[in-house]
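Beneath this line is the structure, given in structure tokens, with notes to follow.
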Amino acid sequence: MGLQPKYAEVDAPFAIERMLVGEHPAIVKLRALVERVAPTEVTVLITGESGTGKEVVAQAIHTLSTRSNQPFVPVNCAAIPHDLLESEMFGHERGAFTGAAGSRHGLLTTADRGTIFLDEIGEMPKGLQAKLLRVLEDGVVRAVGADRSTRVNVRVIAASNVDLAASVARGAFREDLFYRLQVVPIVIAPLRERRSDIPLLTEHFLERIRDRVPGRELAISREAMVTMWSYDWPGNVRELENMVERLAILCEGSIIDTSILPEIMVASARPATPPMKVELGNGGVSLNNLVRELEGRLINDALKQTAGNKQAAARLLGLKRTTFSAKLRRCGVIAPASLDESEEG
Ligand SMILES: Nc1ncnc2c1ncn2[C@@H]1O[C@H](COP(=O)(O)OP(=O)(O)OP(=O)(O)O)[C@@H](O)[C@H]1O
Ligand SMILES: [Mg+2]
């Protein structure tokens, strides 16, 4: 009696696998890092392209931290006009500026004992960056127009979709704040660098739709999945999520097929690789690089043509399956994992 199940949290609604879906090594590592930093108090800086899941990671860190019963306060530094951001974050006294009729708490005070998520921190004006540094170093905030500071206990998680180190080099971001923020830097890879998760994420979003609309049967055809796998997803996971929602609306039966995929996606999946034109000019060429490039192109085309079937793709190229797989690994093309199972042989 009294023994707690060791992995009680696995069934919890906030199990990290459900928040941060993915089996690509980059995501497995990311989840491990999140679990490691969450229970600590360190400041975290999350970098990644738009839609890669920066807010998801920030939420997960908060949810898995000892502050999870306290507020999680997201602040989008790019969405609030610069001259308002200071009073939004730090609060203001009555009469501190024109229009400040009463005094007001800032978001840092709202987040007291919890977590503040400073999104797009690269957009924060430099004057405010100095004030934020004081919060991080001394744990105090001073409202606009106030003559004294008050203590706050907030954990800061920041995010940026621009390279903050480059902003520091340009003089647009304070170097001391940069280092103070990125005690633990977390970088999220764009979706096109973890394509093997596209089927899994698609299934995750389809499942959410099926849960929302009881009785709705909805699946995706193998060919459509391969097309989605080949697309570059400039809007990353958010774009994929919106695409699945849209396809679910457009789909008349229960199978999402290539016919309802947007033309831009179908075109990107077409094996339309232009023939390579190589000339040995006076400067010469790198034969090794060219051979590698040609190999990569043909492997990609073969996979597209065979809807991701490695066995058939190997046959198209006159290679043994094992040789083909070795080449696949070497040129960094990752076949969609869930499609592998349906291969013959
Ligand atoms: N690994 C993941 N598993 C499940 N859902 C995800 C994952 N990554 C992102 N999402 C979903 O994709 C959408 C975009 O994620 P999020 O808002 O965290 O991105 P972001 O990096 O903050 O984007 P932006 O820079 O545009 O603010 C959200 O709806 C989120 O739930
Ligand atoms: Mg975001």
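Here are the numbers:
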read-out: Answer residue from region 265-283, given it is surrounded by fewer than 10 Cβ atoms within 10 Å (Cβ to Cβ) and of a type in the set (A, V, I, L, M) and is modelled with the highest pLDDT among those; value: L280
read-out: Extreme residue, farthest from G235 (Cα to Cα), among residues of region 39-55 that are within 9 Å of the chain's Cα centre (by Cα) and not charged (D, E, K, R); value: T47
read-out: All positions within region 181-199 that are surrounded by 18 or more Cβ atoms within 10 Å (Cβ to Cβ) and more than 30 Å from Q129 (Cβ to Cβ); value: L191, R194, R195, S196, D197, I198, P199
read-out: Residue check for W233: closer than 29 Å to R329 by Cβ, among the aromatic types (F, W, Y), outside the structural domain of A130 (by TED's automatic domain parsing) and part of a helix (DSSP H, G or I); value: no
read-out: Any hit, region 62-82, residues being assigned to a loop (DSSP other than H, G, I, E, B), surrounded by 21 or more Cβ atoms within 10 Å (Cβ to Cβ), within 16 Å of ligand 1 (Cβ to nearest atom) and over 18 Å from the mean Cα position of the chain (by Cα); value: yes
read-out: Residue in region 319-345 that is farthest from I299 (Cα to Cα), counting only those that are part of a loop (DSSP other than H, G, I, E, B) and at pLDDT 85 or above; value: K320
read-out: Test result for E17, more than 16 Å from ligand 2 (Cβ to nearest atom) and modelled with pLDDT under 95; value: yes
read-out: Of residues in region 284-318 being part of a loop (DSSP other than H, G, I, E, B) and closer than 24 Å to P199 by Cα, the one modelled with the highest pLDDT; value: N309
read-out: Subset of region 200-221 (residues that are buried (at least 17 other Cβ atoms within 10 Å of the Cβ) and either modelled with pLDDT under 90 or among the hydroxyl-bearing types (S, T, Y) (or both)); value: T202
read-out: Qualifying position, being closer than 30 Å to P25 by Cα and surrounded by 21 or more Cβ atoms within 10 Å (Cβ to Cβ), among F173, F117; value: F117
read-out: Any pair with Cβ under 8 angstrom, 6 or more apart, that starts in region 229-246 at a residue that is under 16 Å from E49 (Cα atoms) and modelled with pLDDT under 95 and ends at one that is surrounded by fewer than 22 Cβ atoms within 10 Å (Cβ to Cβ) and among the small types (G, A, S); value: D232/S268
read-out: Check on D197, of a type in the set (D, E, K, R) and within 16 Å of ligand 1 (Cβ to nearest atom); value: yes
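The values are calculated or read from the model by the stated rules, or taken from the named source; none is laboratory data. Just so it is clear, the structure is predicted and the values come from calculations on it, not from any experiment. Counting neighbours? That spans all protein chains shown, and the Cβs are built from the backbone with ideal geometry, glycine included.
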